[in-house]
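Notes follow the structure.
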Amino acid sequence: MRRIHKPTFIRCLLFLAFIFPVNASGLAAITSPQSYLGFAPGENRHIADWNQIVGYFQKLAGESGRVRVMEPGKTTMGRPFLQVLISSESNLANMQRYQDIESQLADSRRVSEAEADRLAREGKIFIGISCSIHSTEIAASQMSMQLAFDLASGVFPHAQEILDNVIIVLFPSTNPDGIQIVADWYKQQLGTPFEGTAPPFLYNKYVGHDDNRDFFKLTQIETQMVTKALWKDWHPAIYWDVHQMGSFGPRLFVPPYSDPTNPNIDPLIIRELFTLGGYMTGALAARQKPGVITMDRFDAWWVGGNRITPWYHNSVGMLTEAASARLATPIDVTPEQLSGRGPGETFGGTVLRDPRNFLENTFNFPTPWPGGPWRLRDIVDYEMIAAQGLLRAAANEKEYFLKNFYRVTKNTVEEGAAGHPYAYVIPSRQHDRPTAVNLVNLLTAQGVEVFVAPGKFGVDGKSFDAGSYIIPLNQPYGRLVKTLFERQHYPDRHVGPNNVPERPYDVTGWTLPLMMGVQAEAVDSPFSVPLSEITQEAPPPGRIVWTKGKTGKYGFVFGHETNNSLIAMNRLQKLGYTISWIKTETKIDGQTFQPGAVFIPPVPGKQSKKLVQDLEAVSRDLSLTIYALPKTQKSEVLELKTPRVGLYKSWVPSMDEGWTRFLFDKFQVPYQTVVDTDVRQGNLNSRFDVLVLPQQSAQNILDGNRARSYPDQYVGGMGDSGTSQLRTFVSNGGTLIALDSASDFVIQKMGIAVTNVLQGLKSSEFYCPGTLLSGEADITHPIAYGMSRNFSAMFDNSRAFETRLGKVVARYSDQEPFQSGWLIGPQHVAGKAAVVELQYGKGKIILMGFRTQFRAWTDGSFKLLFNALFYGAAGRSTPAIMKH
């Protein structure tokens, strides 16, 4: 054997160490976030934007076998959306096996109790971690890089134990577009008087803060990707949603949550919240981090948030909320501010002031924080320590949590089998069948099992036709279905010496079939009929029904009951066709059409063939049945112009503006965004037929942002000059539509004969926070064409009107208006107007007392807004549909 010269051997070792450096754990050295970014995550006045975050995770995955980066799709604005898997190399190499085990434990029908014990021993626990869905809550997105590095490099406390037993599914942000928007804004304002302000626009394309209100309706691309990852791909037993809150209270909220508690949450999950919260708060206490609170302000009632829907998927949904700095700019918090006596703060567009004294310790707040500097670095530190507690708990008690995951699923299935109800049935006959299909697909997208009945059947004295959908509750996500379909009755909670209602965290009622205008029936008795499971349901096929040959020489007509008819109208107008509403109920060749059926007149010569081709495409794409008229019909019609729509956007961001814009895009409404300077410049009639004011306070519309709070271009509102231009616009023939609280501005500034009857009432007299009320529509009025006569209105501290001169399009029911949620003082709203139309000079004012398009949840009332756009720009009525 040849001897190696000792100095030569040492030089070789040094060379190899230089080429392949190692860290203290014996792993090849990997790049830290600080080395990659040039600053440490959490450093004062530094924010890593989304491009930097993506770049870092890609580099980390390239250097470490403990990290795998996946891109399930693109965001709304086209950026990469990341899922990052973190575990031991062995676990990642055997990912499919562990994924299969988690999937089996997620469905107790597939394995016995003894088999579940074995799988819990063999398996690894999946934990989902979601960062910075609210992008001004920037710390978690920065922390995510440090967390991944510390685990991958082995410097994280108990890293090996965690990596061996836990598979982390990390979302560095569930709103990447917002991270880029906020980071860009922060960097632009750095060193100016506006450093640390939130952007004066929504921090994603459409919905801003409401992106975390989308987890049962799944309207946004990001929500859809997260939902698929969690409840179809990974089935995490634990999920942690990392947030921030205001600055002048506790430093960190950790579960358990406060009351009220939804009765559909399994008690075992509630107990596990205490267990995991104990590990997290214990880790923080051991590191002497004060200001940690539990069982405070964040309740366990509503469904729809990122930290909440896990409960109904049998997973332990955790939330932390850290006190905020001014993005990455430090702040100083005084004892006076913590005592509840200091000035309020503006956070997320709301002035916050907590009257409690956070200098005093209580059982759920044992170590108050005394005040002083508060930095982004502090937030990152608190979140990292909380992560240590959570991950250590999962690693230590892996079998315990996995077996409980199985038990909660088993409880859900057994509870569903016991009935009350046993199942929900969505009948095949619906006012708007495509929307009913959308509801079915919404459920299957969340992992719910839905079946279709091939034949007619009966149960509980009710008869259902073939094609009805059946959703049994004896399935793993049965509690989710029950929570979404039943009517909510929020506990009557009051506080203080004046017995005022305690403000709920969010809405109190959300019964999905009511909001969407879909009939659904609860059945209590078990039944057995032939069923076919569906994974993605297609709406019924559309077609053209011909009579007397395929000539179309008398024109075409389709009903306006479905929301898809609105898209069809916009598409046909964009293609250059004339459309009209038939104003009265009409019978055509044995088919009865309600008021508002859409008429397309014939076109001459060769254009007729193209019209037929376009109508065939529309009917196929939108599941519409279009009828060719057999003869000239004598019915009065309202000719519809393509409306020139302006959608108002304030520099005080309005999520309702974003939701409205989202639906305008979805329904293919042509519109332009209108800002304060556009209104003040006037000449509005030359550009618009209709202006829409989304829900926003009268003060924000009139005054906007305060002087010196933002750069000059973002300061001020419409002002008196803009208000004057609005009056001129309507007087000269324009239509102004105001939603919910924006009606206050119109009533105050336009001098119209309408009163909000709820104004001035104390909350102890009338209170209706996020509650479904029953409404009655005048379906002979064009604004209500195609509506169900009885519908549900989402009333979120909204408006109710009386008017002497206007037309009432819709009312809140005059009997018992309450449907789902919480209502104090129903007599104040019963029978009052919900939607009114008034003449103003040559134009129209349309006030909608509630948000007819609330968070894109309320499909059943969408038509009120969309019809108003067409009606606002409508041309003349003609006495007959004439042969052309």
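The values are calculated or read from the model by the stated rules, or taken from the named source; none is laboratory data. Not measured: the values here are computed from a predicted model. No Cβ is skipped: glycine too gets one built from the backbone with ideal geometry, and neighbour counts run over all protein chains shown. Areas reflect the complete protein model, heavy atoms only, side chains present, ligands, DNA and RNA absent. Shrake-Rupley method; radii C 1.70, N 1.55, O 1.52, S 1.80 Å.
A few points about this structure:
- Counting only lysines at least 8 places from residue 634 when in the same chain, those with an alpha carbon closer than 20 Å to its own are 548, 553, 583, 587, 883.
- For segment 157-219 versus segment 231-284, the gap between their alpha-carbon centres in whole angstrom: 19 Å
- Stretching residue 224 away from residue 68 to a fully extended chain increases their span by 54.0 nm, per 0.36 nm per residue minus the current alpha-carbon distance.
- Taking amide H as placed 1.01 Å from N in the peptide plane, the amide H of residue 517 sits under 5 Å from that of 860, each at least 5 places away or on another chain.
- Gyration tensor (alpha-carbon) shape descriptor, segment 459-560, a/c threshold 1.5: oblate
- Bridge type composition, the chain - antiparallel percent by DSSP, nearest 5: 65 percent
- Mean residue ellipticity, 222 nm, helices only, the chain: the sum of -39500 (n - 2.57) across DSSP H runs of n ≥ 4, divided by residue count and rounded to 500, is -9500 deg cm²/dmol.
- Of the trypsin sites (Lys or Arg not before Pro) in segment 696-747, the ones in a loop by DSSP (not H, G, I, E or B) with at most 14 other beta carbons within 10 Å are 706, 708.
- Our note on the geometry: Cα centres of segment 622-636 and segment 661-691, 32 Å apart.
- Nonpolar atom fraction for the chain, defined as the carbon and sulfur part of the 1.4 Å probe accessible area, stands at 50 percent.
- Across 550/641; 205/232; 59/217; 232/398; 59/398; 74/398, pairs whose alpha-carbon gap is larger than 24 Å: 550/641; 205/232; 59/217; 59/398; 74/398
- Packing-based ranking of 243-254, 441-452, 166-177 yields 166-177, 243-254, 441-452, ordered from highest to lowest mean Cβ neighbour count within 10 Å.
- Each residue of segment 653-667 is assigned a 3J(HN,Hα), and the resulting list reads x, 10, 5, 5, 4, x, 5, 5, 4, 4, 5, 4, 5, 5, 8 Hz, derived from the Karplus form 6.51 cos²θ - 1.76 cosθ + 1.60 (θ = phi - 60°), x at Gly and Pro.
- Between the Cα long axis of helix 376-396 and the first principal axis of the chain there is an angle of about 80°, rounded to the nearest 10.
- Modelled label positions at residue 728 and residue 259, each set 7 Å beyond Cα in the direction of Cβ, lie 5.9 nm from each other.
- Ranked packing of 525-533, 103-111, most packed first, by mean Cβ within 10 Å: 103-111, 525-533
- Rounded to whole Hz, the Karplus (6.51, -1.76, 1.60) HN-Hα couplings of segment 558-568, x for glycine and proline: 9, x, 10, 6, 8, 5, 4, 5, 5, 5, 4
- Mean separation of Cα contacts under 8 Å (6+ apart) over length of the chain, as relative contact order %: 11 percent
- Restricting segment 535-590 to trypsin sites (Lys or Arg not before Pro) that sit in a DSSP loop and have at most 13 other Cβ atoms within 10 Å of their own Cβ leaves 548, 550.
- Note that the chain presents 38 Å² accessible area per residue, ligands and nucleic acids not counted, probe 1.4 Å.
- Which listed pairs, of 631/842; 574/749; 649/749; 609/863; 462/832, have C-alpha distances above 27 Å, in listed order: 631/842; 574/749; 609/863; 462/832
- Separation of alpha-carbon centers, segment 481-559 and segment 396-469, rounded to whole Å: 14 Å
- A simple rule links phi to the HN-Hα coupling: the Karplus curve 6.51 cos²θ - 1.76 cosθ + 1.60 with θ = phi - 60°, which for segment 580-590 gives 9, 9, 7, 7, 10, 4, 9, 9, 10, 6, x Hz, with x for Gly and Pro.
- Length added when fully stretched, residue 610-residue 575, from 0.36 nm per residue minus Cα-Cα: 11.6 nm
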